[in-house]
Structures are given as structure tokens and as C-alpha cells.
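One structure is given here, and the rest of the page talks about it.
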Amino acid sequence: MAIGGFVDWRGKPINRKMHGGIRAAWFIYFLTFVTSMVNVPNLLNLVIYFRGTLHMGVSGSATTITNFVGATSGFALIGAFLSDSYLTRSRTILLFGPLEFLGFGLLALQAYLPSLHPPPCNIEAELSNCKEVHGWNATLFYVALYISAFGEGCMRACLPSLGADQFDHEDPSESRQQSSFFNWYTFGISFGGFVGLFFIVWLENYKGWGIGLAMCAILTLLGLFVIAAGLPFYRNQLPGGSPLTRMLQVFVVAFRNRRCDLPEKLEEAQENSAETNSLKFLDKACLNCGKGGAWSLCSKTNVEETKVVLRTLPLFVSSMIGYVSNPLVLTFTVQQGGMTNTRLGKIHVSPATLFIIPITFQMVMLAIYDQFIVPFLRKRTGLASGITHLQRIGIGFASTILASVIAAVVERKRKEATVQMSLFWLAPQFFLLGVSDVTSFPGLLEFFNSEAPQGMKSIAAALFWCELGLASYLSTLLVKAVNKAARHGHQGGWLEGTNLNNSHLDRFYWVVTVVGLIGFLNYLYWAKKYVYRQDPRIVDEPSVEQDSP
């Protein structure tokens, strides 16, 4: 009943009946729900805090959010490396997760104490009298923000991989549960965001930013207590040492053996393998050419591990470019909402709360997709997931392009309108962003996890988050580049006005559309060429009772 390579929290061999499975996954779902409940509303609503309380500019507020997203994803690589190399995933979460609690606690303290942020003023009407946060207060703000990013990054790198570890991919029934896990993991993110957009946004906007951010810290701590309570039930993969060292060793040994000839049997095997033929030079790392030293011979497993990473790099880069449009459309749509009529009868709706529309769609669609659409498509296509991961990702990129087109048209109409436009004119672009998150988000996450070698699952999840983070950094550079190109004399850039009425966000959306289209075409080129490491076709017909979360 034991599974090789996995231990319990005490380092003893695990038992399939006692460890892993759906029971262990529920603890992971809860922490996913709680962290999403904290982070999703803040990614949307903190723009208002930056503008109204810290008195940052329009582009400065947006780039601070995108930089935060980028840093969080970058820090995920550190957590993933430590998890795969030296620590188990559950220990990494419990070791670094409290940093997110500390970060939100410091942000709450700064928001609560008037001496730690600039004096109140109306930044729209009294621009010359509003001072942006600076000095020690600015230092406290950025330290708190990036401490939180570090803790969140380490957790998000380990959570999906820890969840996938609870299901044995070599067991037919557990393999189907593992595939379903990623849909329900994404559902947990959506459901947490849904609740947070009601509860956290209401606290921050009506009870004060100090109380709202303090609640974020408390919820994070609660999630960590729950994940700790699940320790006796987890399957923990044993760390395998640094995968980066193993990859470097393959490159070094292959270079040293470059003049050695491959045996005929190995050459024939490579010619019959379409996925590795272009990287057959790395197989020379498996040859013993008479050279001495520790780095004179590599195992076949290490060589194959290196090949997998190299083959996914073009898709990593092309997906990153294709994702650039998403954070830009999302962030600026919230600022668009702040310039519209946000009242629905007697109810005042926060612009960030509009995101409930796509999140509701995500939750409903993810449940329908997992329980009905996948089985239907599975019978038609013969693919275990209904459609391939790369097809699912491509649908998401196409949805984002359409969202940016609609956003450009709506922004032009908003500026031309004589009567203030209703907030709900922004619903279509939010809806399309929701379609993107239902398709490209879980598609990318499952693609990287399924294609990654066993010893690099956390790093694969971190690469997914890092891809989103790098896309956010690229979006920041795009904002700066467009502003610089649009400056003429005393006239500022398209996004450098005091508010959106004095800016040209509609023009910028068209730039985003072009960039998104170029990224999408580049992605299609590499996706068409890619050969999956594992056959996505059905091996065993799934049973109904095994497809539940």
C-alpha cells in the first residue's frame, strides 16, 4: 500500500488508505480559498487605496499593482526551488506563509495610523495640495507589500503541486482525480475571490482600510492553521536535490562528450522519437567516454528531465507574451469603473465589485466544464481532458484580445457621453476576462504540471506563476513605453493625465489589442509544433464516482 518516493510528515512511508486522496485535498482547497479571498479583491481594490490614501498617480497606481503581481510570481521560484530541492511542499508553506500575514499586518497598521500615510485630500480636485507617500512611510509601504508578496509567492508555488501529490498518477482512478483537482483548485480561487469581493471590499470601502487589511491578515493566519491541521494526512514527496544542478551537469557532460559517437541503437531510438530528436545531442551526457571526475556521466532520467524543460521554453515565452494583455485590461477596467455611475438604485457599487460577474461565471463554468463538458468532449475527441491543454490556453488568449477591443470602444463612448455612463457597460469586458481565466489559467497550470518531471513539480507551478508575473512586468514596460512615445513638448503621455478624462486610455487599449494579437499568433506557431511528453489520449474509461472534488 506504500507509494515510492513519498513520506508522511514524520518522514515515514505513507499508506494509500491513510494518506492523500480527496480528504487531504480539502485542506489545500481551504487555504486556496482563503488566500484568494484575500488577494483577488486587493489586486482590484488596492488601486483605489493607492490613489485615495497614498495619493499615487494613475499610471503609478496601476504599475504598483502589476509590479506586486510580478514580484509575487518571481518569489514563487524561490519557494519552489527550496521545496523541490531541500524542503517538502507542506513545510515550505508553513515556513514562509506567515510572511504574508506579517505583510498584511504592516499594511493594516499603516492604513490605520494617520501618521504613517499622507494627510487626507481629494486627489481629483486638489491635485497640487495632495502629497504622494514618501520617505519612511513609503519605505514601510513597500517593505510590507513585498514581504506579503514573498509569503504569497512561496505558498502559491507549492499549493497546486502539493495537491497533485495527493493522487497517484500511475493509478487509473487517482489519475483522473488528479486531473480534476486543477479544475477544483481554480474553482477555489474563483470562490474565494467571489466572497472576498463582497466581504473584503465592503470592509475596506465602508469600515476603513485598516480594518479591511487587518481582516486579510487574520484570514491568512486561519488558512495556515488549517493547512497545518492536515499534516497527518498529506503525501509528501521526498526532495531530490537541486534540479538546476542536475540540468547544468547534463549540459556540461554533453559538451565534454561532444566528440563521442552515439551507439547505433541509441541513434535509431532518437530517430523514431519526434519529441526528442531535435535534442539528441544531450544524449551524449549518458555516454562513458573514458573521462574521469564526478561530472563525467549522467543518468538517462536526468537527461530526459533536461529535455522536457528545454522543449517547454518556447511555449513558456510565447504564453507569457500572450498573457501581457490580461493584467492591463483588468487593472485599467477598474479605474474605468471609478469614472462611471456606480449606483444601482439606492445601492452604491464599488468598481472592484463588478468582477463578481466574471468570477460567478468562472465558478459555474468550471463546475460544468469538469462534470459535463469534459466527459462529452472526451467521447468525441478521445482526449482524456476533452481538448488538449494548449487548445484550452489558446481560447483564453483569444478572449482577452476581444476584451481589449470592447474595452477600447466602451472607453471612447464613455468620454463622449454627455451623461455619466453606467458601471455595468464594463460588464462585457469583465465577462471575457472571466472566459480567459476559465480556459488559459487552469490550462497553463495543468500543462506545466503534467509535462514537468517528477522532481520539478513545484518549479513547474512556480514557472506558471512566474510567467504571469513576467507578463505583468512586460505590461508595466508597455505602459511606460507608450507614455514615452506619446509625449510631445508639454503634452504628457496617453496615461499621464490627472484622471482618465484627461488621458487616452481608449488609444492605449488598441495598442494592447495589437500586442495581444501578435502574442497569440506567436503562441499558435509554437503550440502547433509541440509534442506532448505524455499521451493525452484516454487509457481507461473514467468512473463517475471518481470525478468529484
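The values are calculated or read from the model by the stated rules, or taken from the named source; none is laboratory data. Note that the coordinates shown come from a computational prediction; the quantities given were computed from them, not determined experimentally. We place every Cβ from the backbone using ideal geometry, glycine too, and count neighbours over all the protein chains shown. We work out accessible area using only protein heavy atoms, side chains counted, and drop any ligands, DNA or RNA first. Shrake-Rupley method; radii C 1.70, N 1.55, O 1.52, S 1.80 Å.
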- With +1 at each Lys and Arg Cβ and -1 at each Asp and Glu Cβ, the charge dipole magnitude of the chain around its Cα centre, to the nearest 20 debye, comes out at 520 debye
- Relative contact order for the chain, counting Cα pairs under 8 Å that sit 6 or more residues apart, in percent: 23 percent
- In Å and whole numbers, how far do the C-alpha atoms of the range 309-534 stretch along each principal axis, longest first? 56, 44, 28
- With N residues in the range 35-77, what two-decimal value do you get for its Cα radius of gyration over 2.2 N^0.38 Å? 1.20
- How large are Rg and Dmax for the range 364-408 when only the alpha carbon atoms are used, in Å? 13.0, 40
- V409 to N129: FRET efficiency via 1/(1 + (r/R0)^6), r the Cβ-Cβ distance, R0 35 Å, to the nearest 0.05? 0.45
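For the ranges 251-259, 192-200, what's the packing order if you count other beta-carbon atoms within 10 Å of each residue, average per peptide, and put the highest first?
Values: 251-259: 15.8, 192-200: 22.6.
Put in order of decreasing packing, that is 192-200, 251-259.
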- Determine the dipole magnitude for the range 309-534: charges of +1 sit on the beta-carbon of Lys and Arg, -1 on that of Asp and Glu, nothing else is charged, the reference point is the Cα centre, and the result goes in debye to the nearest 20. 260 debye
- Query: Counting DSSP beta bridges with both partners in the chain, what percentage is antiparallel, nearest 5?
  - Reply: 90 percent
- Query: Across 10 Å bins from the origin, how do the percents of Cα pairs in the range 8-151 run, short distances first?
  - Reply: 10, 33, 28, 16, 9, 4, 1
- Exposed GluC sites (Glu not before Pro) absent: longest stretch of the chain, with sites in DSSP loops and at most 10 other Cβ within 10 Å deemed exposed: 171-549
- the range 449-473-the range 34-65 distance, computed between alpha-carbon centres (Å): 25 Å
- Message: Give me the one-decimal nm value for the distance between modelled label points at W295 and L231, 7 Å along each residue's Cα-to-Cβ direction.
- Response: 3.8 nm
- Task: Can you spot the lysines whose alpha carbon is less than 24 Å from K12's alpha carbon? Ignore those fewer than 8 places along the same chain.
- Result: K457
- Task: Between beta-carbons, use under 10 Å as the cut-off and find the net charge around K284, counting Lys and Arg +1, Asp and Glu -1.
- Result: +2
- Can you grab the distance from the C-alpha centre of the range 389-428 to the C-alpha centre of the range 160-221, Å, no decimals? 26 Å
- Note on the structure: Largest-first semi-axes in Å of the equivalent ellipsoid built from the Cα gyration tensor of the chain are 42, 26, 24
- Note on the structure: Per the charge dipole of the chain (beta-carbon charges, Lys/Arg positive, Asp/Glu negative, Cα centre), the residue among W510, I387, T331 reaching farthest to the positive end is W510
- Calculate what fraction, in whole %, of the accessible area of the range 309-534 sits on carbon and sulfur atoms when a 1.4 Å probe is rolled over the protein chains. 68 percent
- Query: Karplus couplings for the range 86-97 from phi (6.51 cos²θ - 1.76 cosθ + 1.60, θ = phi - 60°), rounded to Hz, Gly and Pro as x?
  - Reply: 10, 10, 7, 5, 5, 5, 4, 4, 6, 7, 9, x
- Note on the structure: Heavy-atom accessible area per residue of the chain, all protein chains kept, 1.4 Å probe, expressed in Å², is 43 Å²
- Task: Starting at the first residue of the range 356-372, write each ³J(HN,Hα) from the Karplus equation 6.51 cos²θ - 1.76 cosθ + 1.60 with θ = phi - 60°, in whole Hz, x for Gly and Pro.
- Result: 4, 4, x, 5, 4, 4, 4, 4, 5, 5, 5, 5, 5, 4, 6, 8, 10
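Leaving out ligands, DNA and RNA, what percent of the accessible area of the range 1-241 is carbon and sulfur, probe 1.4 Å?
Summing carbon and sulfur atoms, their accessible area is 69 percent of the total for the range 1-241.
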- Here are some pairs, K131/K413; K379/K528; K480/K529; K413/K484; which of them have Cα atoms lying more than 29 Å apart in this structure? K131/K413; K480/K529
- Task: In vacuum, with every alpha carbon of the range 325-443 counted as one equal point scatterer, what does the Debye formula give for log10 I(q)/I(0) at q = 0.13, 0.15, 0.20, 0.23 Å⁻¹? Two decimals, please.
- Result: -0.57, -0.71, -1.03, -1.24
- Query: Residues in the range 14-48 near a label at L222, defined as backbone nitrogen under 17 Å from the 7 Å Cα→Cβ point?
  - Reply: 27-42
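Under the √(5λ) rule applied to the eigenvalues of the Cα gyration tensor, what semi-axes describe the equivalent ellipsoid of the range 1-241? Give them in Å, descending.
Numbers: eigenvalues 304, 55, 40 Å².
For the range 1-241, the semi-axes come out at 39, 17, 14 Å.
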- Item | G386 long-range amide H proximity, modeled H, under 5 Å | R378
